[in-house]
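The block underneath contains the structure these notes are about, expressed in structure tokens.
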Amino acid sequence: MSDEMAVMDEDEVHADRVEAILAAVEAGDADRVTELMEPLHAADIADLLEQIGGADRRALLALWSGEIDGEILSEIDESIREEVIESLPREVVAEAMRELDTDDVVDILEDLERPAQDLILDSLELADRVAVQKALSYPEYTAGRLMQREVVVAPEHWTVGETIDYLREAESLPDQFYHVILVDPRMKPVGYVTLGRLLSSRRVVALKEILEDTYRTVPATEAEADVAYMFNQYHLISMPVVDDSNRLVGVITIDDAMNVLDEEHEQDMLRLAGVGDESSLSDGVWATAKQRLPWLVVNLFTASISAFVISRFESTIASLVTLAALMPIVASTGGIAGTQSLAVAVRALATRSLTSANAKRVVLRELIGGLLNGLALACILGLAGASIFGDWKLGLVLGAAMITNQLVAAMGGVLVPLGLHRLKLDPALASGTFVTTLTDVLGYLAFLGLASLVLL
């Protein structure tokens, strides 16, 4: 069976299960709901809650609320998380929160309104509540918000045997940790040891002798996007977080860093499409319309510029009506080429592959690529225009306009996001509108302008 067929079968099984769960909810059969939900992974349960309507979601939670745990709450999309939490009994929320590490609790809390935050904070044990409140005191989207306070540390003078004995006797350890962090008497980290090297070394070996070369720390105020970049760039699996005095305050693990990269990528895609960086299928009609309307209004004004350019050539179009049918070809092809260059440039800026050091080379590459594509499309369109309409001059105009617009698209797709980046603006947010306007306006101008000179 092909992978595509396997995916289709899996989708059908999922759809059948959703229908069965909703039928059990409608019948008020709590035992059947539990039977159907029990085999599902926490991420699949979160997907299910996001996919069904609000009324069905509330009915399902009323029957099955006792089974909701911290892992499920952490997987639920933030657009419906507050609604889910408010639908659950207080004791269920409290128990779910106590199961989570502090970084997951912070991730949930920062997207909630104050009353829901207070409800969760009150449910935590004192030590956890203090740790979470400390994390929330850091600015949003920083390492302090991303880190978990549960860390495994050892004095820098310990041996492998002492460390293993300590780990075996510890009453509680983080659910996920990859390193034992070495600290000096002032709680300043000096290095870390992977669990693999710890377990494979002899007991008498000093921890200092098996330190990892990849060790580095990050300030708690560092932007989380920079943290994620460091993980990706230097192949890290965890990184200690320090305060202004360089004392250890937490640790960031690779799963959280990769979540940030995924969110950045998703936000770039949504912004390029002009639908807001928090859009999801769970949004209501009003929220969906409100997110999309601003950029539609902007596009309305930018499209008016193209209309104005076309109106300046009214007499040209009236003299040769064929132009009205052909001019969208040049503009739309340029728009697609601009979007292609733009997508590559925005992603390269996000991953820091495109910098001032290689900007000239990238622009030149796009320019030459645009020229080659323009020449190829010009030959196709020019020959087609000349053959169909029996006018070689028309074919020449089409070809020249196509080359011009492909060059504009290639240049605009790189220079516009680069310019916005230099101005400290988000390249993904407005680049698409600017590039589309540029290719439309100059595409119409090139085609109609050349037509006025050559054909009339």
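Taking region 89-111 on its own, how many of its residues are assigned to a loop (DSSP other than H, G, I, E, B), modelled with pLDDT of 80 or more and surrounded by fewer than 19 Cβ atoms within 10 Å (Cβ to Cβ)? Please lay out each step first, then the result.
Of region 89-111, the ones assigned to a loop (DSSP other than H, G, I, E, B) are 89, 99-101, 110-111.
Keeping just the survivors that are modelled with pLDDT of 80 or more gives 89, 99-101, 110.
With surrounded by fewer than 19 Cβ atoms within 10 Å (Cβ to Cβ) added as a condition, the list becomes 89, 99, 110.
Summing the residues that are assigned to a loop (DSSP other than H, G, I, E, B), modelled with pLDDT of 80 or more and surrounded by fewer than 19 Cβ atoms within 10 Å (Cβ to Cβ) in region 89-111 gives 3.
Taking the criterion of being in a helix (DSSP H, G or I) and either surrounded by fewer than 21 Cβ atoms within 10 Å (Cβ to Cβ) or among the charged types (D, E, K, R) (or both), the residues of region 422-433 that qualify are ARG422, LEU429, ALA430, THR433. Residue count for region 424-446 satisfying the condition of being of a type outside the set (Val, Ile, Thr) and modelled with pLDDT of 85 or more: 7. Selection within region 38-47: residues that are in contact with a helix residue (DSSP H, G or I) (Cβ under 6 Å, 6 or more places away or on another chain) and surrounded by 14 or more Cβ atoms within 10 Å (Cβ to Cβ). The member of this set that is farthest from ALA20 (Cα to Cα) is ALA42.
Among the residues of region 288-323, those that are in a helix (DSSP H, G or I), among the hydrophobic types (A, V, I, L, M, F, W, C) and closer than 14 Å to LEU455 by Cα comprise ILE317, ALA318, LEU323.
Checking the conditions here, which among LEU349, LEU394, LEU371 is in contact with a Ser or Thr (Cβ under 8 Å, 6 or more places away or on another chain) and under 23 Å from THR439 (Cα atoms)? Talk me through it step by step, then tell me what you get.
Values: LEU349 fails: in contact with a Ser or Thr (Cβ under 8 Å, 6 or more places away or on another chain); LEU371 fails: in contact with a Ser or Thr (Cβ under 8 Å, 6 or more places away or on another chain).
Going through LEU349, LEU394, LEU371 in turn, just one is in contact with a Ser or Thr (Cβ under 8 Å, 6 or more places away or on another chain) and under 23 Å from THR439 (Cα atoms): LEU394.
All of (1) at pLDDT 85 or above; (2) surrounded by 16 or more Cβ atoms within 10 Å (Cβ to Cβ); (3) not small (Gly, Ala, Ser) hold for ASP31 with one exception: (2).
Quick check, is ASP244 within 21 Å of LEU136 (Cα to Cα), at pLDDT 90 or above, charged (D, E, K, R) and outside any loop (DSSP other than H, G, I, E, B)? Criteria not met by ASP244. Considering only region 412-425, I want to know if a residue exists there that is more than 27 Å from ALA228 (Cβ to Cβ) and either in contact with a Gly (Cβ under 6 Å, 6 or more places away or on another chain) or not acidic (Asp, Glu) (or both). Yes: region 412-425 contains one or more residues that are more than 27 Å from ALA228 (Cβ to Cβ) and either in contact with a Gly (Cβ under 6 Å, 6 or more places away or on another chain) or not acidic (Asp, Glu) (or both).
GLY385 fulfils the conditions (1) over 27 Å from LEU418 (Cα atoms); (2) surrounded by fewer than 17 Cβ atoms within 10 Å (Cβ to Cβ) except for a single criterion, (2). Part of a helix (DSSP H, G or I), surrounded by fewer than 23 Cβ atoms within 10 Å (Cβ to Cβ) and under 29 Å from the mean Cα position of the chain (by Cα) - does that describe any residue in region 397-406? Checked region 397-406: no residue is part of a helix (DSSP H, G or I), surrounded by fewer than 23 Cβ atoms within 10 Å (Cβ to Cβ) and under 29 Å from the mean Cα position of the chain (by Cα).
State whether one or more residues within region 225-240 are touching a Pro at 6+ places or on another chain (Cβ under 7 Å) and buried (at least 21 other Cβ atoms within 10 Å of the Cβ). Spell out how you get there, then give the answer.
Residues of region 225-240 touching a Pro at 6+ places or on another chain (Cβ under 7 Å): 240.
Keeping just the survivors that are buried (at least 21 other Cβ atoms within 10 Å of the Cβ) gives 240.
Within region 225-240, one or more residues are touching a Pro at 6+ places or on another chain (Cβ under 7 Å) and buried (at least 21 other Cβ atoms within 10 Å of the Cβ).
Among the residues of region 231-245, those that are in contact with a helix residue (DSSP H, G or I) (Cβ under 8 Å, 6 or more places away or on another chain) and touching a residue at least 24 places away in the same chain (Cβ under 8 Å) comprise PHE231, ASN232, ILE237, SER238, VAL241. Within region 226-249, the set of residues being of a type in the set (Gly, Ala, Ser) and either in contact with a Leu (Cβ under 8 Å, 6 or more places away or on another chain) or under 22 Å from GLU75 (Cβ atoms) (or both) comprises ALA228, SER238. Pairs meeting the criteria (first residue in region 324-352 and basic (Lys, Arg), second residue not in a helix (DSSP H, G or I), beta carbons under 9 Å, at least 6 apart or on different chains) are ARG347/SER353; ARG347/LEU354. Would you tally the residues in region 65-79 being crowded, with 19+ Cβ neighbours inside 10 Å and assigned to a helix (DSSP H, G or I)? Looking only at that region, the number is 4.
The values are calculated or read from the model by the stated rules, or taken from the named source; none is laboratory data. Fair warning: this is a prediction, and the values are worked out from it, not measured in the lab. Backbone-built Cβ (ideal geometry, glycine too); neighbour counts: all protein chains shown.
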